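Computed from the coordinates by the stated procedures, all read-outs in this text should not be read as laboratory data. Model, not experiment: these values are computed from the prediction. Positions of Cβ are generated from backbone atoms using ideal geometry, with glycine treated the same way; all protein chains shown enter the neighbour counts.
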Amino acid sequence: MSARVDAVAARVQIAVTMGKVTKSMAGVVKSIDGTLRSMNLEKISALMDKFEHQFETLYAQTQQMEDTMSSTRSQRHRQNAEVEEFIPQKNKKRSQPEI
């Protein structure tokens, strides 16, 4: 049960992060549009530096989300394996006659 809660929490965190990234990228695109219209090389250079920084941040966040999801999946698989191992043992004990 806790693995499912963790998985849902991770998905919610991913959605929140992706919403923030989307807003950030929309701001960069608007800035690029305005800067390219002015053709000011200093502004273009500064804007490209900002874009590169945000892209690196996005990459780091994506890696963190992938690691979290992978961890959650492996934890859930471990718990499922433990349950599957426990069930045959429980059924075996029931089927054995008591002496």
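Structure summary
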read-out: Subset tally (residues that are free of Cβ contacts under 8 Å to residues at least 60 places away in the same chain and within 26 Å of S71 (Cβ to Cβ)) for the range 3-53; value: 16
read-out: Flag if K43 is touching a Ser or Thr at 6+ places or on another chain (Cβ under 9 Å) and in a helix (DSSP H, G or I); value: yes
